[in-house]
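Since every read-out is calculated from the coordinates, none of them should be taken as a lab result. Since we're looking at a predicted model, the values are computed, not measured. Virtual Cβ from ideal backbone geometry, glycine too; neighbours counted across all protein chains shown.
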């Protein structure tokens, strides 16, 4: 597990879940950066679904490849 994922493990889960549009935007970004490891992808999506700070972090990055990333 990379260091930033380990840091995200220390954050308490949020109550609101990620929307389908948000997941698609994050998946597009992961594809853009050529992330192909299914374990890493699953870890990122799980964090984004449960931790608002993680979701915000990756949605900001997704805007670079998907203008509707939020």
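Relative contact order for the stretch 22-70: what percent, with Cα pairs under 8 Å and sequence separation of 6 or more?
About 51 percent, as a whole number.
What list do you get for 62, 56 if you sort them by fewest beta carbons within 10 Å?
Going from sparsest to densest Cβ surroundings: 56, 62.
Assuming a viscosity of 1.567 mPa s and a temperature of 4 °C, what translational diffusion coefficient in µm² per second does Stokes-Einstein assign to the stretch 22-70, Rh being the Kirkwood radius over Cα pairs?
Reported coefficient: 125 µm²/s.
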